[in-house]
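The values are calculated or read from the model by the stated rules, or taken from the named source; none is laboratory data. The structure presented is a predicted model; accordingly, all values stated were derived computationally and were not measured. Cβ placement follows ideal geometry from the backbone for every residue including glycine, while neighbour counts extend to all protein chains displayed.
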Amino acid sequence: MDTAQYWLIAPSSWSLLLDARQLVPAADFPPGLSNLSLTVDRIPLPLLDKQPADAFGLTIRLQKPLGAASQPFQMRSTRTLTPGYWPWLAWLAWAVASGLLVAGAAAWQRSRADARRQQEQARLAAMARLSTLGEMAAGIAHELNQPLTAILAHTGAAGRLLDDDDERPAVRHALLASSEQAKRAADIISRMRALVQPSSPARREALDPDALVASLRFLREPDLARQGIRLGWHNASPGARPLGDRVALEQILHNLVQNAADALADTDGPRHIQIEGRAEGDEYLFIVSDTGGGIAADALPRLFAPFYTTRPQGMGLGLALCDTLAGSMDGRIAARNLHPCGACFTVSLPRSGASP
Ligand code: ADP
């Protein structure tokens, strides 16, 4: 006989056939229930079978004995929470909230680190300024000491010779020499001033490179020719105009030519200074090269530092001033050595008509 069917027989001989499968209509099972079976005499009788037994997910099992102790019914119910039931939205919200929290904490930490880094950089910059100031003060003292000692010596000698009429030419010479030294001291001070506060904001005008170099050549050529130095000029981009301050640019080129002439003084080979003008991208370049001995490798990184010099009579302010002046015109200056000999300085300035 079907295990789902039972006969209930009353003493009055009424009998009732029960069919377990019909006890609860399928629609009356609560929606949360997936599988339900009733075990009578160890034979499981499936009443509800909405999920396959091997469904993937989290399985919840419930087992409860029903009926009398003499004839127990085991009710077993299982429900597998498949991925479709999982609270994806809540999990997503939780993941997003945690992600935001972690990202916020990381950003906060980063901004704290940035602020600390900025403070540290400001502290280092302040220290660097202080030490540069110290170096400059020491440099000024050193530079001024020489002419002032010479002035003292010359004026002292002149004073001693004054009483003797025959020594008049020597007195004149001593006074001239001391006034030369006083000029040198004044020159040092004025270069220092120019270096520390470059003349009022640099003007920006479109300059004519040919006219600029022509005036430089007019001023320097006789003096250079005496030293056997040839000064050449080539404008590779004739129509192009650098933007800058004429006086500042003249000063830069003048210093570079003077440095090249100083470097050529010790050369036996050809003595040639070449200036080239060329537009490159948004810039106009002045390239000053010479056929001297070039720059020592250890000097290259310090070349533009104030008071760095390798020349006995040098002040070490020329290139520092060039650097400051080029910067005041939104330009820059760089140095490199040439092969087989010589040094090359490139001044880059914004070009008129180029996109800003
Ligand atoms: P100064 O001319 O008083 O020495 P500068 O700042 O003009 O000061 O130059 C610094 C140093 O750079 C020089 O002492 C020299 O060693 C080096 N230098 C500059 N120009 C040249 C060059 N054309 N060739 C080789 N060395 C150079």
_Suppose we keep only residues that are part of a strand (DSSP E or B) and among the charged types (D, E, K, R) within the range 69-114. Which one would you say is surrounded by the fewest Cβ atoms within 10 Å (Cβ to Cβ)?_
R76
_For the range 236-259, check the following and say yes or no: at least one residue is within 23 Å of P312 (Cβ to Cβ), of a type in the set (A, V, I, L, M), within 16 Å of the ligand (Cβ to nearest atom) and in contact with a His (Cβ under 8 Å, 6 or more places away or on another chain)._
no
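Against the condition in contact (Cβ under 8 Å) with a residue 60 or more places away in the chain and surrounded by fewer than 22 Cβ atoms within 10 Å (Cβ to Cβ), how does F218 come out, does it pass? Reasoning before the result, please.
Values: in contact (Cβ under 8 Å) with a residue 60 or more places away in the chain: no; surrounded by fewer than 22 Cβ atoms within 10 Å (Cβ to Cβ): yes.
So F218 fails the test.
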*Search the range 341-356 for residues being among the small types (G, A, S) and assigned to a loop (DSSP other than H, G, I, E, B), and hand back the single one that is modelled with the highest pLDDT.*
G342
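In the range 320-336, what residues are within 12 Å of the ligand (Cβ to nearest atom) and either modelled with pLDDT of 90 or more or not hydroxyl-bearing (S, T, Y) (or both)? Even if it seems obvious, please write down each step before you answer.
Quick first cut of the range 320-336, residues within 12 Å of the ligand (Cβ to nearest atom) only: 320-324, 333, 335-336.
The answer is A320, L321, C322, D323, I333, A335, R336.
Considering only residues of the range 34-60 that are under 21 Å from P87 (Cβ atoms) and out of contact with any Leu (no Cβ under 6 Å at 6 or more places or on another chain), which is surrounded by the most Cβ atoms within 10 Å (Cβ to Cβ)?
My answer is S34.
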*Hey, can you tell me all the residues within the range 71-126 that are among the basic types (K, R) and closer than 30 Å to N35 by Cβ?*
R76, R79
*Looking at (1) within 38 Å of the chain's Cα centre (by Cα); (2) surrounded by fewer than 20 Cβ atoms within 10 Å (Cβ to Cβ); (3) modelled with pLDDT under 95; (4) within 24 Å of T310 (Cα to Cα), which is the only condition R246 fails?*
(4)
_Suppose we filter the range 284-293 for residues that are surrounded by fewer than 20 Cβ atoms within 10 Å (Cβ to Cβ) and either closer than 20 Å to A354 by Cα or modelled with pLDDT of 95 or more (or both); how many remain?_
1
*What are the residues in the range 300-340 that are surrounded by 15 or more Cβ atoms within 10 Å (Cβ to Cβ), in a loop (DSSP other than H, G, I, E, B) and touching a strand residue (DSSP E or B) at 6+ places or on another chain (Cβ under 9 Å), if any?*
L303, F304, M329, G331
